[in-house]
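Colleague: Handing you this structure, nothing more for now.
The values are calculated or read from the model by the stated rules, or taken from the named source; none is laboratory data. Remember, it's a predicted structure, so these values are computed and weren't measured experimentally. For neighbour counting, all protein chains shown are included, and Cβ atoms are generated from backbone atoms with ideal geometry for every residue, glycine included.
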Amino acid sequence: MVSAEILASIADTLEARREASPQSSYVASLFHKGEDAILKKVAEEAAEVLMASKDGEKLPLVREVADLWFHTMVLLTYHGLRPDDVLAELRRREGISGLDEKASRPKN
């Protein structure tokens, strides 16, 4: 399976869980708890990525990044977005200097 196909398949599953009973799956329970619970999981997984990186072992780092990506996909689904939305943004940025891309963003 191509990477984008794997992401699309996971996104399809996540969308199906949005309306499922919270007792039926972990993801359904996150959706039921709401955005704050999802954000907490994303932050928790991001912290675990940092710790795994500092430990220097590759397999734990890969596993923690997978957890972070998964929970970020849950957050995207919560907002009605899909991995293709992120991939399109990455495609847009390809070949653009990171400094130039950042400078082009509206100032807050």
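Colleague: So which residues in region 35-58 are within 11 Å of V74 (Cα to Cα) and not hydrophobic (A, V, I, L, M, F, W, C)?
Modeller: E35, K41 - these are the residues of region 35-58 that are within 11 Å of V74 (Cα to Cα) and not hydrophobic (A, V, I, L, M, F, W, C).
Colleague: Looking for whichever is over 18 Å from the mean Cα position of the chain (by Cα), among the basic types (K, R) and at pLDDT 95 or above here; the options are K41, K54. Which one fits?
Modeller: Answer to the check: K54.
Colleague: Oh, and also: Scan region 18-39 residue by residue and report those that are in a helix (DSSP H, G or I), surrounded by 13 or more Cβ atoms within 10 Å (Cβ to Cβ) and touching a residue at least 40 places away in the same chain (Cβ under 8 Å). Even if it seems obvious, please write down each step before you answer.
Modeller: Just the residues of region 18-39 that are in a helix (DSSP H, G or I), to begin with: 26-33, 35-39.
When the remaining residues are screened for being surrounded by 13 or more Cβ atoms within 10 Å (Cβ to Cβ), the result is 27-33, 37-39.
Answer for region 18-39, where residues must be in a helix (DSSP H, G or I), surrounded by 13 or more Cβ atoms within 10 Å (Cβ to Cβ) and touching a residue at least 40 places away in the same chain (Cβ under 8 Å): V27, L30, F31, I38.
Colleague: Yes or no: A4 in a helix (DSSP H, G or I), modelled with pLDDT of 95 or more and surrounded by fewer than 15 Cβ atoms within 10 Å (Cβ to Cβ)?
Modeller: No; evaluated as a whole, the condition is false for this residue.
Colleague: Do we have E64 as surrounded by 17 or more Cβ atoms within 10 Å (Cβ to Cβ) and of a type in the set (D, E) here? Outline the logic, then answer.
Modeller: Numbers: surrounded by 17 or more Cβ atoms within 10 Å (Cβ to Cβ): yes; of a type in the set (D, E): yes.
Taking the combined requirement at face value, the residue satisfies it.
Colleague: Among the listed residues L87, L99, L59, which satisfies the condition of being surrounded by fewer than 16 Cβ atoms within 10 Å (Cβ to Cβ), in a helix (DSSP H, G or I) and in contact (Cβ under 8 Å) with a residue 12 or more places away in the chain?
Modeller: L87
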